[in-house]
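First comes the structure, then the notes that go with it.
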Amino acid sequence: MSENLIKPENLVYKKTNVLTDKVMHYCPGCGHGTAHRMLAEVIDELGIQEQTIGVAPVGCSVLAYYYFDVDMQEAAHGRATAVATGIKRVFPEKYVFTYQGDGDLAAIGTAETIHACNRGENILIVFINNGIYGMTGGQMAPTTLPGMKSSTSPRGRDVATMGNPLKITEIIATLPGSYYVTRQSVHTPGNARKAKRALKKAMEYQKENKGTCLVEIVSNCPSGWKMTPVESNKWMEENMFPFYPLGDIKVPQ
Amino acid sequence: MKELRLMKGNEALAEAAIRAGTDAYFGYPITPQSEIIEYLMHENPYERTGMVVLQAESEVAAINMVYGAAACGKRTMTSSSSPGISLKQEGLSYIAGAELPCIVVNIVRGGPGLGTIQPSQSDYFQAVKGGGHGDYKLIVLAPATVQETVDFVKLGYELAFKYRNTVMILSDGIIGQMMEKVELFEQMPRENKDYEWATVGKKPGKDSVIVTSLYLKSEDQEKLNFRLQAKYREIEKAEVRFETIMTEDAEYLFTAFGSCARITRKAMEMARAKGIKVGLVRPISLYPFPVKIFEELAPKVKGILTVEMNAGQMVEDVRLAVNGKTKVEHYGRFGGIIPSPEEILNALEQKIIGG
């Protein structure tokens, strides 16, 4: 409708065709929608929609296949990079990505994540880190900060009994199979643009069979953190970023 | 062209996998089936046919790699032994829910737990009744020879793709480890077909393909289950396989599957030499179970002895099929012990004839 009202010469920005028109189920203010859009725009701009196969996780983005207009598979919890390995090994010429949260990638799927990266599977891993299990109602995640409250750490994460948050992205960067590892955010227009550039680089490296690329996006969870979207972004800047600093962790030499 | 070779069961299976045009094999070492991945790595099938072979970090990863490749419409296989097959149950449930074709080989060893590396048939329940969560079925083929092991790889892909279902080859450490003469089928081409249900990249003007087992609306989840159950009824009608030996004049019946059926056959011959008229029913497809042959034979015999290398698993399906029409008893050894023909004959005399 709106497109009929706007003259083509005046159109400066529109929704990419790599996203469907399905209304997203994500909570208001959540970073998933922006992260989806950045990745979809990259696929669009590179003209690889018909050569891309995605893998959705178990978690808040379990229904990502309704939103990305590319062929997709739904993986069991934590197994996305193993599924992606199966796809990429039979279709080495296609572009394969996984889209996973912290619980999926850094708790139940730690072995699959590390070994896929260590083999240097030519895939893109998009890792959304919001420090909490969002979909199941805000339980403690492997990336929950020390002292941070969740429904399973109601008095705050006590590292003495509950363990420490896992900086899995830093671990992956040490593996010879990983090629490009970076940590970004999408909570401001500037950060979203930077994250998009990182995703684009990663997809371009995949074409050159350089190894595993991982783009972590530190994101907010207004519902799980029990904050307004604005509060949650501020809290993320003040608490998440000092622990999970933004920027490239491993760049091609 | 006929090619005869003397081969170990596991190696013959691996060779059959290459010849059947397998696109990808994902596995993890475990005794007594490690020769499968060893043979594949040694043969370097990527050079022969373009087949991918990858040693995964775990059985869990391997079955999920199978999921990914099978959902691309490729001929995909994994193999393991009992403890490893337990780890694959989650993946098998997802594969059933997403209706993907693949072959999973179980070279069964004794359990429970870490168990023993000696042969057993104690994974019958896990194979035919489910094992993973949800209402689903695997097509289960039980080879009794190295030859059948080879033939079931070819048949396995036919059935897997016909029904978009997992085919499990339920073998054991005896058949996997022993050497026998085997006739190998000729190299088949890898298919390279685009199936409309497979993720091969979105086609212009068409909806994207989604492979999932998630249906949040109960009505949709029930619809999937209705579809699966209809498929299983179809499989039960069309894919029953069994063998009968000397059942025409039989007063008693043995029934056994896989390697145990070969030992039981020897016991049958010994019984016949003593004048005992006993026959043998060997179920080949354990799911679908050969119900009708038992319905047909049960009223004609005085009793059936089910012989298994487990504590009594298939005997439950035999009893369901016989439905009280004759006596059904079980004789089993387990934990890796292989019964002798003499003790099987003795069990027939004690439990069925004298009992």
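The values are calculated or read from the model by the stated rules, or taken from the named source; none is laboratory data. The structure presented is a predicted model; accordingly, all values stated were derived computationally and were not measured. A quick note on method: Cβ atoms are made from the backbone with ideal geometry, for glycine too, and the neighbour counts reach across all protein chains shown. Only protein heavy atoms, including side chains, enter the accessible area calculation; ligands, DNA and RNA are left aside. Shrake-Rupley method; radii C 1.70, N 1.55, O 1.52, S 1.80 Å.
Only residues that are within 15 Å of the chain's Cα centre (by Cα) and of a type in the set (S, T, N, Q): list them for the range A:111-136, please. Passing the criteria: A:113, A:129, A:130.
Is there any pair with a first residue in the range B:198-219 that is farther than 17 Å from residue A:49 by Cβ and within 7 Å of chain A (Cβ to nearest Cβ) and a second that is aromatic (Phe, Trp, Tyr) and surrounded by fewer than 18 Cβ atoms within 10 Å (Cβ to Cβ) whose Cβ atoms are under 9 Å apart and which are 6 or more apart or on different chains, and what are they? Close Cβ pairs satisfying both conditions: B:211/B:197.
Within the range A:1-26, the set of residues being touching a Gly at 6+ places or on another chain (Cβ under 8 Å) and either open to solvent by 70 Å² or more (accessible area, probe 1.4 Å) or of a type in the set (A, V, I, L, M, F, W, C) (or both) comprises just one member, A:24. Within the range A:30-70, the residues that satisfy the criterion of being within 19 Å of residue A:103 (Cβ to Cβ), of a type in the set (Val, Ile, Thr) and open to solvent by less than 20 Å² (accessible area, probe 1.4 Å) are A:55, A:62. Of all positions in the range B:143-151, at least one carries a residue that is under 16 Å from residue B:258 (Cβ atoms), assigned by TED's automatic domain parsing to the domain that holds residue B:18 and hydroxyl-bearing (Ser, Thr, Tyr).
Would you pick out the residues in the range A:171-195 that are over 19 Å from residue A:237 (Cα atoms) and surrounded by 15 or more Cβ atoms within 10 Å (Cβ to Cβ)?
From the range A:171-195, those over 19 Å from residue A:237 (Cα atoms) are A:171-181; that's our starting set.
Selection gives A:171, A:172, A:173, A:175, A:177, A:178, A:179, A:180, A:181.
Every condition in (1) within 14 Å of chain A (Cβ to nearest Cβ); (2) crowded, with 24+ Cβ neighbours inside 10 Å holds for residue B:49 except the one numbered (2).
Of all residues in the range A:44-68, those that are touching a Phe, Trp or Tyr at 6+ places or on another chain (Cβ under 6 Å), under 27 Å from residue A:221 (Cα atoms) and within 11 Å of another protein chain (Cβ to nearest Cβ) total 3.
Here's the yes/no breakdown for (1) among the charged types (D, E, K, R); (2) in contact with an Asp or Glu (Cβ under 7 Å, 6 or more places away or on another chain); (3) within 22 Å of residue A:206 (Cα to Cα):
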| position | (1), (2), (3) |
| --- | --- |
| A:13 | no, no, no |
| A:22 | yes, no, no |
| A:29 | no, no, no |
| A:41 | yes, no, yes |
| A:45 | yes, no, yes |
| A:53 | no, yes, yes |
| A:56 | no, yes, yes |
| A:71 | yes, no, yes |
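Suppose we keep only residues that are of a type in the set (S, T, N, Q) and in a loop (DSSP other than H, G, I, E, B) within the range A:120-136. Which one would you say is surrounded by the most Cβ atoms within 10 Å (Cβ to Cβ)? Walk me through how you get there before you give the answer.
First pass over the range A:120-136, keeping only residues of a type in the set (S, T, N, Q): A:122, A:129-130, A:136.
Retained after the next criterion (residues that are in a loop (DSSP other than H, G, I, E, B)): A:122, A:130, A:136.
Numbers: A:122: 24, A:130: 28, A:136: 14.
Ranking the candidates gives A:130 first.
Pull up the range B:211-229, narrow it to residues that are open to solvent by less than 60 Å² (accessible area, probe 1.4 Å) and of a type in the set (A, V, I, L, M, F, W, C), then point me to the one that is farthest from residue A:65 (Cα to Cα). Per the criteria, the residue is B:228. Residues in the range B:211-228 that are farther than 14 Å from residue B:94 by Cα and either touching a strand residue (DSSP E or B) at 6+ places or on another chain (Cβ under 9 Å) or not polar (S, T, N, Q) (or both): B:216, B:217, B:219, B:220, B:222, B:223, B:226, B:227.
Looking at the range B:118-129, which of its residues are open to solvent by less than 30 Å² (accessible area, probe 1.4 Å) and either free of Cβ contacts under 8 Å to residues at least 24 places away in the same chain or under 12 Å from the mean Cα position of the chain (by Cα) (or both)? So that I can check it myself, show each step before the final result.
Taking the range B:118-129 and keeping what is open to solvent by less than 30 Å² (accessible area, probe 1.4 Å), we get B:119-121, B:123-124, B:127-128.
Once the filter is applied, which keeps residues that are open to solvent by less than 30 Å² (accessible area, probe 1.4 Å) and either free of Cβ contacts under 8 Å to residues at least 24 places away in the same chain or under 12 Å from the mean Cα position of the chain (by Cα) (or both), the range B:118-129 yields B:121, B:123, B:124, B:127, B:128.
Being within 13 Å of chain A (Cβ to nearest Cβ), buried (at least 23 other Cβ atoms within 10 Å of the Cβ) and of a type in the set (A, V, I, L, M, F, W, C) is a description that does not apply to residue B:14.
Restricted to the range B:183-197, and to residues there that are in contact (Cβ under 8 Å) with a residue 12 or more places away in the chain and within 11 Å of another protein chain (Cβ to nearest Cβ), the residue that is surrounded by the fewest Cβ atoms within 10 Å (Cβ to Cβ) is B:197.
Of the listed requirements (1) closer than 23 Å to residue A:77 by Cα; (2) in contact (Cβ under 8 Å) with a residue 12 or more places away in the chain; (3) basic (Lys, Arg); (4) open to solvent by 70 Å² or more (accessible area, probe 1.4 Å), residue B:164 misses just one: (4). Residue check: is residue B:192 on the phi > 0 side of the Ramachandran plot and outside the structural domain of residue B:338 (by TED's automatic domain parsing)? It is true that residue B:192 is on the phi > 0 side of the Ramachandran plot and outside the structural domain of residue B:338 (by TED's automatic domain parsing). Could you tell me whether any residue of the range B:168-183 is part of a loop (DSSP other than H, G, I, E, B), touching a helix residue (DSSP H, G or I) at 6+ places or on another chain (Cβ under 8 Å) and either in the same structural domain as residue B:70 (by TED's automatic domain parsing) or not aliphatic (A, V, I, L, M) (or both)? Yes, the range B:168-183 contains at least one residue that is part of a loop (DSSP other than H, G, I, E, B), touching a helix residue (DSSP H, G or I) at 6+ places or on another chain (Cβ under 8 Å) and either in the same structural domain as residue B:70 (by TED's automatic domain parsing) or not aliphatic (A, V, I, L, M) (or both).
Yes or no, residue by residue, for (1) in contact with a Pro (Cβ under 8 Å, 6 or more places away or on another chain); (2) outside the structural domain of residue B:108 (by TED's automatic domain parsing); (3) buried (at least 22 other Cβ atoms within 10 Å of the Cβ):
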position	(1), (2), (3)
B:268	no, yes, yes
B:304	no, yes, yes
B:316	no, yes, no
B:334	no, yes, no
B:338	yes, yes, no
B:346	no, yes, no
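Return yes or no: is residue B:173 small (Gly, Ala, Ser), in contact (Cβ under 8 Å) with a residue 60 or more places away in the chain and either surrounded by fewer than 23 Cβ atoms within 10 Å (Cβ to Cβ) or over 21 Å from residue B:18 (Cα atoms) (or both)? Taking the combined requirement at face value, the residue satisfies it. Looking across the range B:65-79, just one residue is more than 7 Å from every other protein chain (Cβ to nearest Cβ), hydrophobic (A, V, I, L, M, F, W, C) and touching a Phe, Trp or Tyr at 6+ places or on another chain (Cβ under 7 Å), and that is B:77. Comparison of A:139, A:73, A:100 shows that the only residue that is over 13 Å from the mean Cα position of the chain (by Cα) and open to solvent by less than 10 Å² (accessible area, probe 1.4 Å) is A:73.
Based on this model, can you work out whether residue B:140 counts as closer than 19 Å to residue B:18 by Cβ and buried (at least 20 other Cβ atoms within 10 Å of the Cβ)?
Considered against the rule, which asks whether it is closer than 19 Å to residue B:18 by Cβ and buried (at least 20 other Cβ atoms within 10 Å of the Cβ), residue B:140 comes out as no.
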